[in-house]
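The values are calculated or read from the model by the stated rules, or taken from the named source; none is laboratory data. Just so it is clear, the structure is predicted and the values come from calculations on it, not from any experiment. Positions of Cβ are generated from backbone atoms using ideal geometry, with glycine treated the same way; all protein chains shown enter the neighbour counts. Calculation scope for accessible area: heavy atoms of the full protein, side chains included, ligands and nucleic acids excluded. Shrake-Rupley method; radii C 1.70, N 1.55, O 1.52, S 1.80 Å.
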Amino acid sequence: MTFQITNISVILFVSVVVNLFVGLISWRKRKGQGGFYFSLGVFALTFWTFFAGLDYAATTIPAKVFFAKIEAVGYNFALLFFLFFALHYSRYENHLDIGYLKPLLYFLPLSNIFLVFTNDLHGWVWSGFSWSQYGQNIAIFHHGPGFWWLVGTGYLQMFFILLTLWSVYRRSVGLVRKQARLLLGAALLPFSGEILYLFQIEGIAGIDWSPLMLTGSSVIFIFALYGMSFLDIAPIARDVLLSKLQDGLVVMNAEKEIVEVNQHMADILGKRSSELLGEALENVLPNLRQYLVRPDLNDMQGELTLHSDQKRYFEFFLTPLLRKSGENLGYLLVLRDITERKKTEISLRQRTAIVEQSPMTVVVTDIDGFITYVNPQFAKLTGFAEEEALGQQMSIVRSEFTPLSTYKDMWTAILAGKVWRGEILNKKKNGELYWEWSIISPVYDEDGEKVSFIAVKENITERKQAQEALKKANERLETQLVEIKKLQTDLREQAIRDPLTQLYNRRFLVDVLEREFATAERRKNSLSIIILDIDYFKAVNDTYGHHIGDECLVAIADLLRDSFRDADIVCRFGGEEFLVVLPDSAPEFAQQRAEDFRKLVEETHFSFGENEVALTISLGIASYPAYGTVADEIIQKADQALYDAKNQGRNRVVLYGS
């Protein structure tokens with residue numbers, strides 16, 4: 001077997017070196033989004049171009065046919081691995097789990113390679129061979145029907161590669177969009193070379209330009225790896241975040257035209273996402289026009305009302321997106337549905353108005369008995385103006401006719417956290433006596449500490465004997481107190497609870513982490529954080545529907561509540577992710593608790609009506625002070641451990657650093 005070095009073979013061997021260099025770099029970054037398949041694809045390209053170089057250097061037809069067969073291994077698996085990469089890069093990898101699709105995709109290159117290697121028996125791929133009249137040691141392969149099968153399956157894979165990369169380009173902005181554009185260009189180069197080969201253009205007939213074009217693709221890959229942090233950035237992480245956000249989100253360019261919108265925002269506006277792209281925001285949300293026209297638009301927050309089937313209230317956050325240089329790239333708008341909170345606030349204001357306009361006297365004192373609030377009825381009844389009463393004790397209306405034992409019983413009751421009810425004979429500013437029926441109750445803050453007392457009093461001077469009427473008034477007053485306290489409790493709970501699972505939310509987590517880390521540092525104790533995620537949760541939603549997915553989240557939340565200690569803090573971290581804070585817990589203890597819970601979920605049969613759902617979870621653990629000194633660092637490392645658990649096959653527990 002003899003060889004002759006030609007210009008084409010030299011270019012191909014240079015491409016081998018470049019591709020090998022790219023492959024080695026990408027292998028080091030194979031843990032990135034689709035990085036493993038990308039590096040395999042580059043190595044397959046290297047294999048292809050190496051034997052293509054030998055093909056164009058070989059001086060005999062049998063040698064060229066031999067190397068062409070080996071090339072088939074490279075380009076068939078290169079297409080397959082790049083297709084897998086494109087699906088992972090665009091976050092469509094779940095499609096590979098549909099039926100027998102992945103085994104069929106592996107079968108395709110294997111069957112094509114078998115067809116090529118058995119060509120001597122059937123001649124379906126190449127029916128004959130001849131030398132090119134233009135020299136350069138080029139042989140022309142005459143194609144049989146099997147060759148067009150190879151071309152068709154190759155183009156079909158290339159079409160899906162381009163389609164998935166195009167989808168990333170269309171829905172992305174900034175660096176991710178530039179990466180997708182580079183990958184599209186790199187993929188089109190060998191594709192165009194294949195077209196030149198198929199048309200057998202006179203003067204270049206017999207030359208397969210695809211491996212030659214790969215040199216240009218390799219240069220693009222190098223630029224992407226070094227110049228744009230390719231494989232270091234998860235391109236679709238942003239899309240996953242947007243889809244999981246419970247808030248509506250819009251990204252605008254500098255002209256305030258919509259370039260990105262998440263599904264929740266589209267649902268709020270009652271339109272498809274595609275209908276909103278390119279629209280001016282002021283046309284979509286006219287309520288914001290007064291803010292958008294400002295030339296000095298800075299961070300802004302406010303409320304707006306939308307009317308569809310029913311009136312809905314939203315809190316909006318509008319902020320410019322600036323480069324470090326100060327150049328304005330666009331704007332970010334977040335809409336948070338506060339309808340329930342607003343309704344509660346409106347109801348509370350209505351209740352407050354009832355108190356202000358009530359014919360009953362309402363007095364609020366601090367824990368020491370000094371008056372902090374009186375309603376207008378107090379001034380009307382006692383003759384003391386509001387400014388005269390504030391800062392005074394209730395003794396300003398005390399008469400000498402009420403027994404001291406009554407006051408003693410009252411203070412004993414309310415200091416013990418009880419509601420006191422009783423009759424008191426008080427004295428107005430002008431000295432006139434009047435009877436009051438009083439209900440005095442302690443008021444607690446969110447930590448359960450008494451912060452004040454509220455007294456609701458009724459003037460019963462003229463109807464003291466009307467016991468039946470007094471009973472009804474008492475019931476009405478008590479109901480008002482209970483409703484006010486319930487509304488206060490509801491507001492407090494809504495602020496710190498996840499509405500679906502009733503677990504604590506991220507807002508509560510931020511507050512409690514600061515307290516728990518301070519306690520752990522002060523007591524020199526360990527503290528562990530577990531982040532867990534329901535495996536293949538999207539498949540559950542797609543298979544059974546989102547209502548079953550929600551029931552799965554509630555079921556996991558109930559198991560978490562029942563499985564961990566009272567001292568542990570269980571939160572819904574977002575989407576299908578949960579976070580557990582384990583105070584005074586070493587890494588080994590947290591790992592055992594996590595493994596016990598993983599087995600419990602795996603062994604539990606979840607039934608929702610006629611649906612039986614099998615669930616597994618992946619868990620990541622990090623501990624203070626072993627793996628960090630601040631909460632954000634521990635959460636980040638627990639999240640990395642969760643990511644490792646996912647990559648290692650899911651349904652497992654990974655302790656960071658183990």
In sequence order, calculated HN-Hα J values of segment 399-407 (Karplus, 6.51, -1.76, 1.60; Hz; x Gly/Pro): 10, 7, 8, 8, x, 4, 4, 5, 5
What's the extension gain from Q263 to I98 if we count 0.36 nm per residue and subtract their Cα-Cα distance? 57.0 nm
So what J values fall out for segment 54-60 if you push phi through Karplus, 6.51 cos²θ - 1.76 cosθ + 1.60 with θ = phi - 60°, rounded to Hz, Gly and Pro as x? 5, 4, 6, 8, 5, 10, 10
Quick one: which of K342/K471; K271/K486; K271/K538; K428/K471; K429/K464; K408/K429 span more than 27 angstrom between C-alpha atoms? K342/K471; K271/K486
With label points set 7 Å from each Cα along the Cα-to-Cβ direction at R507 and K538, the distance between them in nm comes to 3.0
Starting from the amide H of L277, placed 1.01 Å from N in the peptide plane, find each other amide H under 5 Å away whose residue is 5 or more places distant or on another chain. none
Using R₀ = 60 Å, calculate the FRET efficiency as 1/(1 + (r/R₀)^6) where r is the Cβ-Cβ separation of W148 and D566; round to 0.05. 0.30
First select every other residue whose beta carbon is under 12 angstrom from the beta carbon of V22; then total the charges, Lys and Arg +1, Asp and Glu -1. +2
Multiply the residue gap between R522 and L329 by 0.36 nm, knock off their C-alpha separation, and tell me the result in nm, one decimal place. 64.9 nm
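Using a 1.4 angstrom probe, figure out how much accessible area segment 484-616 has per residue, in square angstrom, rounded to the nearest whole.
For segment 484-616, the per-residue accessible area is 51 Å².
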Heavy atoms of K178: accessible area, 1.4 Å probe, square angstrom to 10: 100
Carbon/sulfur fraction of accessible area - segment 503-564, other protein chains in place, 1.4 Å, %: 48
Fraction in percent of alpha-carbon pairs per bin - 10 Å, the chain: 3, 11, 15, 17, 16, 13, 9, 5, 4, 3, 2, 1, 0
Considering only protein heavy atoms and a 1.4 Å probe, what is the carbon-and-sulfur percentage of the accessible area of segment 1-131? 73
Hey, got the Cα dimensions of segment 436-528 along the principal axes, in Å, largest first? 65, 32, 13
Segment 257-410 - percent of accessible surface contributed by carbon and sulfur, probe 1.4 Å: 49
Among 505-512, 571-578, how do they line up by average Cβ neighbours within 10 Å per residue, starting with the highest? 571-578, 505-512
Name the long-range amide H neighbours of L321: under 5 Å, sequence gap of 5 or more, or other chain; modelled H, no Pro or chain starts. L329, G330, Y331, L332
Which of the aspartates and glutamates could be linked to K343 by a straight reach, that is with a Cα gap under 12 Å, when you skip same-chain ones fewer than 8 residues away? D490
If you stretched the chain out fully between R336 and F589, how much longer would it get, using 0.36 nm times the residue separation minus the C-alpha to C-alpha distance? 87.2 nm
Electrostatic dipole magnitude of the chain [Cβ: Lys, Arg +1; Asp, Glu -1; Cα centre; debye, to 20]: 600
Distance in nm between label sites at D558 and L491, each 7 Å beyond Cα in the beta-carbon direction? 3.3
Taking the Cβ-Cβ separation of R351 and R463 as r and a Förster radius of 25 Å, what is the calculated FRET efficiency to the nearest 0.05? 0.45
Quick one: which of 380-387, 51-58, 403-410 comes out on top by average Cβ neighbours within 10 Å, and what's the full order, highest first? 51-58, 380-387, 403-410
At R0 = 41 Å, how high is the FRET efficiency between W411 and H547 if r is their beta carbon distance? Nearest 0.05 is fine. 0.15
Under a point-charge model restricted to the Cβ atoms of Lys and Arg (+1) and Asp and Glu (-1), what is the dipole moment magnitude of segment 1-85 relative to its Cα centre, in debye to the nearest 20? 340
Got a sec to turn the phi values of segment 645-652 into Karplus ³J(HN,Hα) couplings, 6.51 cos²θ - 1.76 cosθ + 1.60 with θ = phi - 60°, whole Hz, x for Gly and Pro? 4, 4, 5, 7, x, 6, 6, 7
Between the modelled labels at Q4 and N253 (7 Å from Cα along Cα→Cβ) the distance in nm is 5.5
Peptides 15-22, 484-491: what's the order by average Cβ count within 10 Å, highest mean first? 15-22, 484-491
Under a 1.4 Å probe, what is the accessible area of segment 273-388 per residue, stated in Å²? 58
Would you tally the net charge around L306, using a Cβ to Cβ cut-off of less than 10 Å, leaving L306 out, and scoring K and R as +1, D and E as -1? +1
